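This report refers to the structure that appears directly beneath it.
The values are calculated or read from the model by the stated rules, or taken from the named source; none is laboratory data. Not measured: the values here are computed from a predicted model. Here Cβ is always computed from backbone atoms with ideal geometry, including for glycine, and neighbour counts include all displayed protein chains.
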Amino acid sequence: MSIRTETPTRPRIGSDAAPILSFDNVCKRYGSLDALAGVTFQVNRGEVVCLIGPSGSGKSTLLRCANALESIDSGRVLMDGRDVHDRRTDARNLRRRMGMVFQNFELFPHLTVLRNVAVGPTTVLRMPAAGAAARAMELLRKVGLGDKAAQYPAALSGGQQQRVAIARALAMQPDVMLFDEPTSALDPETIGEVLSVMKRLADEGMTMVVVTHEMDFAKRVGNWIVVFDHGKVVEQGPPRQVFEEPTIQRTRDFLSHLGWHGESLAASDLLVPAPSGSYEHRTSD
Amino acid sequence: MDIDVSPLILNWQFILTGLGFTISLSLLSIILGAAIGIFGGVARTYGGPLLDTIVGVYVDLVRSIPVLAILVWTYFAFPLVIGESLTPFTGGVLALGVHLGAYITETIRAGLTSVRPGQMRAALALGMSRTQAIRTIILPQAVIRMLPPLGSLIVIAVKDSAIASVIAVPELLRQSQVLAGKTFRPFEIYTSAMLIYFLICYPTARMIDRIYRNLAPLGAS
């Protein structure tokens, strides 16, 4: 079975229009540690950009710099042409256009599942409670958790909590979704449900930046892969190039360290259903 | 020793007045203490180094001075500062509230710092301001987590209201003293006073415990 002959990666889209999110030589230091040492890449509207690389390589830090949860030392982050870290920029206004999903879910434990999703619209957008609840309910159904609305987060499994967290971010109707290792804290059996919600979101055209160790997801759903190491982008390109013909030794080392060999794709079908007909071994679908 | 409860029965309204003052003095000083404590706790945690220092000085001062001294100072010395005399009741509420506020400040601060930073990040990422995040996300969790120590402080506040008898607030202990002096029945009267304090404080403590047990899972992020 040769993977190389038929790779279902999405093409990079919208590259002619201005990028919705762009990182230009972003640097950030923690003491003597260069967390980010000149990171440059772009996210176009409708794209799924996956950030991969070893732990501690700066991927999560970069995500937090994207919505100004962390400051940067130099460089620029532009969201829709506006400098995120400029003092004159209203960070709150930009943040509500960027939904964020965290590794540890960070649901609000004292609020019901429904209120967790509605609290953004009611407090930030000053939406009336009834309207916010209706929107929240709709989103909970969308992530398959309509029946959990009255529960508290503690009563949910990790995968369910993360799906609520996705609904919570979507309730603000963001232009971009930022995912910070959304499946890293999950039991293996619940990873799939979260990834399939994310894939559906991607299929609907949501712009997504995903920090992940799920290489199958990155390869199938991503339009563009950015490989991090020691705070730098060591390689970026379409999934086909990065996963199958990595030009950089560091990328090859990282991928082989994760046990990534083209043939391992078959096992991963359990996680994300491939678009039908995308893979030769799935053409029977 | 013969026991004669008739002074209690004959003077029940006098004692009831005292009980009324004990309850209103306690409630108002708890409300004042809670207001100071929430403001102080939030200011120390999120208000920057200057506010932290200022509130810190207040907390250290109050915790190093006997509540009786604070009470006497508030009633007898503070009016000279403001050029306005205080009623015993107002002086009592102020002194007890300011005293309690220092302890609630530290309890709220401990609760706020125990909520993990990811909760603040999640709230900010939704577009909330820091104030909105503290009010709707962090503070409720902090209060739930800190209910057991806050419950102790509330019970202590009720008991400390008896100290206001020294500035002649007609609360339960003060009324008991007056009555005991008039009737020469200190045993019956002071024993009843103790019993009444117990009947207020014990159920209060149990009730707060129970509320905590029901809410505890909601404060665990």
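Is it fair to say B:Gly20 is touching a helix residue (DSSP H, G or I) at 6+ places or on another chain (Cβ under 8 Å), part of a helix (DSSP H, G or I) and of a type in the set (Gly, Ala, Ser)?
no
Quick check: anything in the range A:52-62 touching a residue at least 12 places away in the same chain (Cβ under 8 Å), within 14 Å of another protein chain (Cβ to nearest Cβ) and not hydrophobic (A, V, I, L, M, F, W, C)? Yes, some residue in the range A:52-62 is touching a residue at least 12 places away in the same chain (Cβ under 8 Å), within 14 Å of another protein chain (Cβ to nearest Cβ) and not hydrophobic (A, V, I, L, M, F, W, C).
Selection of the range A:104-160 for residues being at the interface with another protein chain (Cβ under 9 Å from one of its Cβ atoms) and in a loop (DSSP other than H, G, I, E, B) yields A:Asn104, A:Phe105, A:Glu106, A:Leu107, A:Phe108, A:Pro109, A:His110, A:Leu111, A:Val124, A:Leu125, A:Tyr152. Within the range A:164-190, the set of residues being assigned to a helix (DSSP H, G or I) and modelled with pLDDT under 95 comprises A:Pro188, A:Glu189, A:Thr190. Considering only residues of the range A:220-246 that are in contact with a Gly (Cβ under 8 Å, 6 or more places away or on another chain) and surrounded by fewer than 22 Cβ atoms within 10 Å (Cβ to Cβ), which is farthest from A:Leu201 (Cα to Cα)? Out of the qualifying residues, it is A:His230. What about B:Ala69, is it surrounded by fewer than 17 Cβ atoms within 10 Å (Cβ to Cβ), away from every other protein chain (no Cβ under 14 Å) and closer than 30 Å to B:Ala168 by Cβ? Criteria met by B:Ala69. Between B:Val72, B:Val98, the distinction of being within 23 Å of B:Ser24 (Cβ to Cβ) and either of a type in the set (Gly, Ala, Ser) or within 14 Å of the chain's Cα centre (by Cα) (or both) belongs to B:Val98 only.
Can you say whether B:Gly83 is in contact (Cβ under 8 Å) with a residue 60 or more places away in the chain, among the small types (Gly, Ala, Ser) and out of contact with any strand residue (DSSP E or B) (no Cβ under 6 Å at 6 or more places or on another chain), as far as the supplied structure shows?
On the way: in contact (Cβ under 8 Å) with a residue 60 or more places away in the chain: no; among the small types (Gly, Ala, Ser): yes; out of contact with any strand residue (DSSP E or B) (no Cβ under 6 Å at 6 or more places or on another chain): yes.
Spelling it out, it is not the case that B:Gly83 is in contact (Cβ under 8 Å) with a residue 60 or more places away in the chain, among the small types (Gly, Ala, Ser) and out of contact with any strand residue (DSSP E or B) (no Cβ under 6 Å at 6 or more places or on another chain).
Within the range A:88-103, the only residue that satisfies the criterion of being in contact with a Pro (Cβ under 8 Å, 6 or more places away or on another chain), more than 8 Å from chain B (Cβ to nearest Cβ) and farther than 17 Å from A:Leu201 by Cβ is A:Gln103.
Looking across A:Val113, A:Val124, one residue alone is touching a Pro at 6+ places or on another chain (Cβ under 8 Å) and more than 21 Å from A:Met208 (Cα to Cα). It is A:Val113. Under the condition of being in contact (Cβ under 8 Å) with a residue 12 or more places away in the chain, within 14 Å of chain A (Cβ to nearest Cβ) and in contact with a helix residue (DSSP H, G or I) (Cβ under 9 Å, 6 or more places away or on another chain), the residues counted in the range B:113-137 number 11. In the range A:149-173, the residues that are more than 16 Å from A:Ala118 (Cα to Cα) reach residues that are basic (Lys, Arg) with C-beta atoms within less than 8 angstrom, at least six apart or across chains, in these pairs: A:Ala155/A:Lys148; A:Leu156/A:Lys148; A:Gln160/A:Lys148. Conditions: (1) free of Cβ contacts under 8 Å to residues at least 60 places away in the same chain; (2) more than 14 Å from chain B (Cβ to nearest Cβ); (3) touching a helix residue (DSSP H, G or I) at 6+ places or on another chain (Cβ under 6 Å). A:His85 meets all but one. Number of the miss? The number of the failed condition is (3).
Could you please let me know if A:Arg88 is assigned to a loop (DSSP other than H, G, I, E, B), among the charged types (D, E, K, R) and at pLDDT below 95?
Yes, satisfied.
Going by what's in this entry, would B:Ile54 be described as without any contact (Cβ under 8 Å) to a residue 60 or more places away in the chain and either in contact with a Cys (Cβ under 6 Å, 6 or more places away or on another chain) or of a type in the set (A, V, I, L, M, F, W, C) (or both)? The answer is yes for B:Ile54. Selection of the range B:156-169 for residues being surrounded by fewer than 19 Cβ atoms within 10 Å (Cβ to Cβ) and over 17 Å from the mean Cα position of the chain (by Cα) yields B:Val166, B:Ala168.
So in the range A:71-82, with the set limited to residues that are assigned to a loop (DSSP other than H, G, I, E, B) and more than 14 Å from chain B (Cβ to nearest Cβ), which one is surrounded by the most Cβ atoms within 10 Å (Cβ to Cβ)?
The initial filter retains those residues of the range A:71-82 that are assigned to a loop (DSSP other than H, G, I, E, B), namely A:71-73, A:80-81.
Those still in the list that are more than 14 Å from chain B (Cβ to nearest Cβ) too: A:72-73, A:80-81.
Numbers: A:Ile72: 24, A:Asp73: 14, A:Asp80: 15, A:Gly81: 9.
So the residue we want is A:Ile72.
Within the range B:175-221, restricting attention to residues that are hydrophobic (A, V, I, L, M, F, W, C) and within 14 Å of chain A (Cβ to nearest Cβ), the residue that is surrounded by the most Cβ atoms within 10 Å (Cβ to Cβ) is B:Leu218.
Can you give me the number of residues within the range A:1-56 that are among the polar types (S, T, N, Q) and at pLDDT 90 or above?
Residues of the range A:1-56 among the polar types (S, T, N, Q): A:2, A:5, A:7, A:9, A:15, A:22, A:25, A:32, A:40, A:42, A:44, A:55.
The next check asks that each one be at pLDDT 90 or above; those that pass are A:22, A:25, A:40, A:42, A:44.
Of the residues in that region, 5 qualify.
Looking across the range A:238-271, the residues that are in contact with a Lys or Arg (Cβ under 9 Å, 6 or more places away or on another chain), at pLDDT 80 or above and over 26 Å from A:Thr190 (Cβ atoms) come down to A:Pro238, A:Arg240, A:Val242, A:Glu244, A:Glu245, A:Pro246.
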